[in-house]
Amino acid sequence: MFDVGWSEVVVIGVVALVVIGPKELPGVIRTVGRAVGKLRTMAGDFRTQFDDAMREADLHEVKKTFTEAADAATSAANSFTEPVTDLQNEIHAATSEVSSAVNASEPVSAPVIEAPAPVAEPEPEAAPAPKKRRKKADTAGEDA
């Protein structure tokens, strides 16, 4: 991170030993270690929060993309259903007009057709009267 090598760390340690002294050096090193630990923790938290914010921003973009796609699909569906709805409304209006016109006009009565009169059965003909037959004797006597 700071690009510090071993030789530089040794130089810093020697300077700290000379400036601070051997008696207070362990306490100072402990304090510096804790500060560096806290600094690392804060840097890690910052990085985590930054990554979360980036993920949320990406998720927001993805959500926005899906929302736009859903809106496009909804508008496409509406473009198909609107003409059908208009047609249904026109048909409903036309049927309402026809039914109101039929209800307003006088009822048309169908012509009354009377039932045909029952057919009279013909009376049976009277049996013909039997012809009188002449007896042969009668006919023979008349010729003479």
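Some points to look at:
- Residue 132 meets the conditions (1) at pLDDT below 80; (2) within 30 Å of residue 18 (Cα to Cα); (3) of a type in the set (Lys, Arg) in every case but one. The failed one is (2).
- Candidates 76, 57, 35, 53, filtered to the one that is hydrophobic (A, V, I, L, M, F, W, C), modelled with pLDDT of 90 or more and assigned to a helix (DSSP H, G or I): 35
- Residue list for the stretch 1-26, restricted to those being assigned to a helix (DSSP H, G or I) and of a type in the set (Asp, Glu): 8
The values are calculated or read from the model by the stated rules, or taken from the named source; none is laboratory data. Predicted model, so just to flag it, every value in this text is computed and none were measured.
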